[in-house]
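Remarks on the structure that follows.
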């Protein structure tokens, strides 16, 4: 018997690997791990959180450079 029910898991629905997520967003491994822990396993939520994290870091760096 064939038990193929036509259910396939798309690769974009799979949780990120820490290393590939870090490379994709230019994050360190610890920063990527923190984002994935906080927002995983949703790739969409993790991508949005990485963008927010990078914006916050940029804003902090800009604020520090003014001093």
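Taking neighbour counts of Cβ atoms within 10 Å as a proxy for exposure, in what order, fewest first, do 46, 55 appear?
Exposure proxy ranking, most exposed first: 55, 46.
In 10 Å bins starting at zero, report the fraction of Cα pairs in segment 15-66 per bin as a rounded %.
Going out from 0 Å in 10 Å bins, segment 15-66 shows 28, 51, 17, 4 percent.
Take 57, 35, 66 and order them by how many other Cβ atoms sit within 10 Å, fewest up front. It would help to have the intermediate numbers written out before the result.
On the way: 57 12, 35 25, 66 5.
In increasing order of surrounding Cβ atoms, one gets 66, 57, 35.
List 37, 53 from most exposed to least, where exposure is judged by having the fewest other Cβ atoms within 10 Å.
37, 53
Each reported figure results from applying straightforward, stated rules to the coordinates on display, with no laboratory input. On a predicted model such as this, the values are computed, not experimentally measured, just so you know. Cβ atoms come from the backbone with ideal geometry, glycine included; neighbour counts cover every protein chain shown.
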